[in-house]
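Take a look at this one; I'll ask things after.
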Amino acid sequence: MIKLRNKKKKIKITVCPVCGSTNIKKVSAFSGWLLPEEYICLDCGYRGPIVAEIEVDDNETEEDKSD
């Protein structure tokens with residue numbers, strides 16, 4: 001008998017370090033390429049090079065969508 005292991009996919013989500021929002025993006029297309037990386041939070045207005053990155057199981061994100 002062969003048991004198949006479910007491989008859980010890990011997804012990295014970028015999070016604002018101030019308010020915890022996931023509504024964050026890079027300031028420009030050149031950020032991280034020609035310029036140092038800089039992010040902006042569209043919810044609280046945070047702007048800076050530091051963001052939090054969390055790993056979430058793919059199954060958790062699907063459950064959140066169904067609620």
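The values are calculated or read from the model by the stated rules, or taken from the named source; none is laboratory data. Note that the structure is predicted; figures quoted are calculated from it, not measured. Please note: Cβ atoms are built from the backbone with ideal geometry, for glycine as well, and neighbour counts cover all protein chains shown.
Of everything in segment 12-34, what is of a type in the set (Lys, Arg) and either in a loop (DSSP other than H, G, I, E, B) or within 15 Å of Ile54 (Cβ to Cβ) (or both)? Give them in sequence order.
Hit for segment 12-34 is Lys12, nothing else.
Next up: Name the single residue, out of those in segment 1-34 being of a type in the set (D, E, K, R) and more than 26 Å from Gly45 (Cβ to Cβ), that is modelled with the lowest pLDDT.
Step one: list which residues in segment 1-34 are of a type in the set (D, E, K, R), which gives 3, 5, 7-10, 12, 25-26.
After this cut, where a residue has to be more than 26 Å from Gly45 (Cβ to Cβ) as well, the list is 3, 5, 7-10.
Values: Lys3: 58, Arg5: 61, Lys7: 63, Lys8: 67, Lys9: 78, Lys10: 84.
Residue satisfying both the conditions and the ranking: Lys3.
Any residue at all in segment 38-45 that is modelled with pLDDT of 90 or more, part of a loop (DSSP other than H, G, I, E, B), of a type in the set (D, E, K, R) and surrounded by 13 or more Cβ atoms within 10 Å (Cβ to Cβ)? Don't jump to the end; show me each part of the working.
Looking only at segment 38-45, we keep the residues that are modelled with pLDDT of 90 or more, and these are 38-45.
Checking the rest, the ones that are also part of a loop (DSSP other than H, G, I, E, B) come to 38, 42-45.
Within this subset, residues satisfying the condition of being of a type in the set (D, E, K, R) are 38, 43.
Now restrict to residues that are surrounded by 13 or more Cβ atoms within 10 Å (Cβ to Cβ): 38, 43.
Yes: segment 38-45 contains one or more residues that are modelled with pLDDT of 90 or more, part of a loop (DSSP other than H, G, I, E, B), of a type in the set (D, E, K, R) and surrounded by 13 or more Cβ atoms within 10 Å (Cβ to Cβ).
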